Amino acid sequence: MKILFLDQSGKPGGAELCLIDIAKPYRDRALVGLFADGSFKTLLQQNHIPVEVFTHQPIQVRKQSNLLQALGSLGQLAPLVAKVVQRAIEYDLIYANTQKALVVGAIASLLARRPLVYHLHDILSPEHFSKTNLRVAVNLANRFASLVIANSQASEAAFVQAGGRAELTTVIYNGFEPKLYQTCALDTSKLRQNLGIEDKFVVGHFSRLSPWKGQHILIEALAKCPPQVTALLVGDALFGEQEYVKQLHQQIAQLGLENRVKFLGFRADIPQLMAACDLVTHTSTAPEPFGRVIVEAMLCGKPVVAAKAGGATELVEHGINGFLTTPGEPEELANIINSCLEDIHNTATIANNAKAIASERFNVVNINRQIAQVLSSKLIVY
Ligand code: UDP
Ligand code: GLC
């Protein structure tokens with residue numbers, strides 16, 4: 001099966017990292033078309049996945065746009081659609097991995113007469129999107145997609161709640177290669193030394209810096225923990241959230257936590273950094289569609305505490321393979337951090353349990369088999 005994958009992003013967010021694993025088995029007969037240049041293209045090339053940047057013109061629709069803005073952006077899409085149609089006729093299937101890719105992919109699927117699959121990585125709810133964008137995404141998926149792959153039951157439920165056709169959907173979680181998350185103890189202790197955290201209780205947060213990812217909740221919780229508790233914030237403001245970064249620095253200064261919070265920026269060595277942590281936190285204040293970082297922490301054998309909403313509740317069972325806290329509640333998060341600090345034995349048992357379960361449940365081999373099955377069963381020849 002020859003697949004034309006489409007993704008709007010030039011930067012590697014979770015949906016893009018997931019796409020790398022999905023496209024890999026098809027790389028000798030696939031193309032990933034991007035709507036922006038950037039480091040995601042380089043990552044695809046490093047994985048020997050053919051990639052082409054279809055436009056260098058930024059598409060202006062924002063996540064919270066109104067109907068006029070949405071319509072206005074349709075005109076600027078014409079050259080991009082033409083390019084996608086031209087490429088699509090060489091492929092059997094168009095696989096849209098993001099919302100703007102769905103818009104372009106839907107029109108191209110009609111013109112090139114190719115089936116369309118939409119991989120839904122978002123919770124299509126008013127918390128995350130404007131009404132217009134919700135309506136556009138759901139209507140296009142309903143009308144043009146042969147299949148909607150939702151990254152969690154939460155994303156699937158929100159799609160149906162927003163008017164999406166339930167019979168189009170199937171839930172497939174992100175897949176991971178467990179051996180990439182095995183690290184060497186000696187390297188970990190060197191890394192802790194280099195970061196100046198060898199004698200600390202290290203709480204890691206691995207996420208782009210964005211208000212709904214809730215780094216401010218961790219900082220507030222940190223102020224309620226003993227002084228040896230230190231936070232690593234790994235990730236960058238990928239989509240221009242500079243104002244939030246400024247606020248985080250102000251919050252840290254106000255709480256006098258300058259020596260207990262380290263910003264590491266975007267990093268490619270996530271398994272190594274997770275291994276250097278004692279606990280990994282996930283603090284999204286809006287429901288997380290899936291939450292790759294939660295699974296990655298489990299695969300690294302690290303205890304993880306996640307915000308209890310969206311896909312995270314499908315990944316974590318409180319007290320069994322991790323911990324759950326109410327989103328936006330720093331007090332509760334601080335209590336969990338403190339109890340992990342005090343009961344290292346029980347916490348390690350939970351983390352080991354999580355590693356064993358996650359290595360099976362999210363194994364990329366099984367996940368890719370599920371993808372291959374649904375693609376071949378849903379492939380409708382026009
Ligand atoms: N990530 C990374 N470098 C960083 C921060 C995050 O490679 O500095 C990765 C992280 O390991 C995870 C992904 O980015 O695989 C984020 O995916 P997630 O599903 O957690 O959240 P998203 O940003 O997609 O909403
Ligand atoms: C999106 C979601 C994230 C999910 C990722 C991969 O970026 O925000 O929750 O884990 O896609 O499906």
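The values are calculated or read from the model by the stated rules, or taken from the named source; none is laboratory data. This is a predicted model, so every value here is computed, not measured. Glycine gets a Cβ as well: all are built from the backbone with ideal geometry, and neighbour counts include every protein chain shown. What goes into the accessible areas is simple: the full protein's heavy atoms, side chains included, and nothing from ligands, DNA or RNA. Shrake-Rupley method; radii C 1.70, N 1.55, O 1.52, S 1.80 Å.
Among (1) more than 14 Å from ligand 2 (Cβ to nearest atom); (2) of a type outside the set (Ser, Thr, Tyr); (3) part of a loop (DSSP other than H, G, I, E, B), where does Ala286 come up short?
Result: Ala286 passes all but (1).
Find the residue count for the stretch 324-334, including only residues that are within 14 Å of Pro303 (Cβ to Cβ) and either over 24 Å from the mean Cα position of the chain (by Cα) or open to solvent by 20 Å² or more (accessible area, probe 1.4 Å) (or both).
Number of matching residues: 1.
Does Leu233 meet the test of being within 11 Å of ligand 1 (Cβ to nearest atom) and crowded, with 17+ Cβ neighbours inside 10 Å?
For Leu233, the condition - within 11 Å of ligand 1 (Cβ to nearest atom) and crowded, with 17+ Cβ neighbours inside 10 Å - is met.
Return only the number of the condition from (1) within 22 Å of Ala223 (Cβ to Cβ); (2) within 16 Å of the chain's Cα centre (by Cα); (3) of a type in the set (Val, Ile, Thr) that Val364 does not satisfy.
Of everything listed in (1) within 22 Å of Ala223 (Cβ to Cβ); (2) within 16 Å of the chain's Cα centre (by Cα); (3) of a type in the set (Val, Ile, Thr), Val364 misses just condition (1).
Quick one: would you say Leu168 is closer than 25 Å to Glu288 by Cβ and crowded, with 16+ Cβ neighbours inside 10 Å?
So Leu168 fits the description; yes.
Using the structure shown, decide if Phe239 is under 28 Å from Ile20 (Cα atoms), within 16 Å of ligand 2 (Cβ to nearest atom) and either open to solvent by less than 30 Å² (accessible area, probe 1.4 Å) or assigned to a helix (DSSP H, G or I) (or both).
No.
So which of Ile337, Ile344, Ile294 is open to solvent by less than 10 Å² (accessible area, probe 1.4 Å), more than 23 Å from Tyr173 (Cβ to Cβ) and either without any contact (Cβ under 8 Å) to a residue 24 or more places away in the chain or touching a helix residue (DSSP H, G or I) at 6+ places or on another chain (Cβ under 7 Å) (or both)?
Exactly one residue qualifies, and that residue is Ile337.
How about the stretch 120-137: which of its residues are over 21 Å from Leu19 (Cβ atoms) and either within 14 Å of ligand 1 (Cβ to nearest atom) or in a loop (DSSP other than H, G, I, E, B) (or both)?
Once the filter is applied, which keeps residues that are over 21 Å from Leu19 (Cβ atoms) and either within 14 Å of ligand 1 (Cβ to nearest atom) or in a loop (DSSP other than H, G, I, E, B) (or both), the stretch 120-137 yields Ser125, Pro126, Glu127, Ser130.
Hey, can you tell me all the residues within the stretch 312-351 that are among the β-branched types (Val, Ile, Thr) and assigned to a helix (DSSP H, G or I)?
Across the stretch 312-351, the qualifying residues are Thr313, Ile336, Ile337, Ile344, Thr347, Thr349, Ile350.
Which of (1) more than 14 Å from ligand 1 (Cβ to nearest atom); (2) open to solvent by less than 20 Å² (accessible area, probe 1.4 Å); (3) assigned to a helix (DSSP H, G or I) is the odd one out, the single condition Leu273 does not satisfy?
Every listed condition holds for Leu273 apart from (1).
Please name all residue pairs, on different chains or six or more residues apart, with Cβ atoms under 7 Å, provided the first residue is in the stretch 1-19 and is under 20 Å from Ala268 (Cα atoms) and the second residue is open to solvent by 10 Å² or more (accessible area, probe 1.4 Å) and modelled with pLDDT under 95.
Lys11/Leu238; Gly13/Leu238
Does any residue in the stretch 230-244 that is under 17 Å from Ser39 (Cβ atoms) and in contact (Cβ under 8 Å) with a residue 24 or more places away in the chain come within less than 7 Å, Cβ to Cβ, of a residue that is charged (D, E, K, R) and within 15 Å of ligand 2 (Cβ to nearest atom) six or more places away or on a different chain, and which pairs are these?
Close Cβ pairs (under 7 Å, with a partner that is charged (D, E, K, R) and within 15 Å of ligand 2 (Cβ to nearest atom)) amount to Gly235/Arg208; Asp236/Arg208; Ala237/Arg208; Leu238/Lys11; Leu238/Arg208.
Of all residues in the stretch 347-373, how many are open to solvent by 70 Å² or more (accessible area, probe 1.4 Å) and either of a type in the set (Lys, Arg) or closer than 28 Å to Thr230 by Cβ (or both)?
5
Can you run down the residue pairs with Cβ atoms below 9 Å, 6 or more apart or on separate chains, where the first is in the stretch 258-274 and closer than 16 Å to Gly301 by Cα and the partner is open to solvent by 70 Å² or more (accessible area, probe 1.4 Å)?
Pairs that qualify, where the first residue is closer than 16 Å to Gly301 by Cα and the partner is open to solvent by 70 Å² or more (accessible area, probe 1.4 Å), are Pro271/Leu180; Pro271/Gln182; Gln272/Asp187.
Within the stretch 160-170, can you find the residues that are under 19 Å from Leu375 (Cβ atoms) and either within 14 Å of ligand 2 (Cβ to nearest atom) or outside any loop (DSSP other than H, G, I, E, B) (or both)?
Passing the criteria: Glu167, Leu168, Thr169, Thr170.
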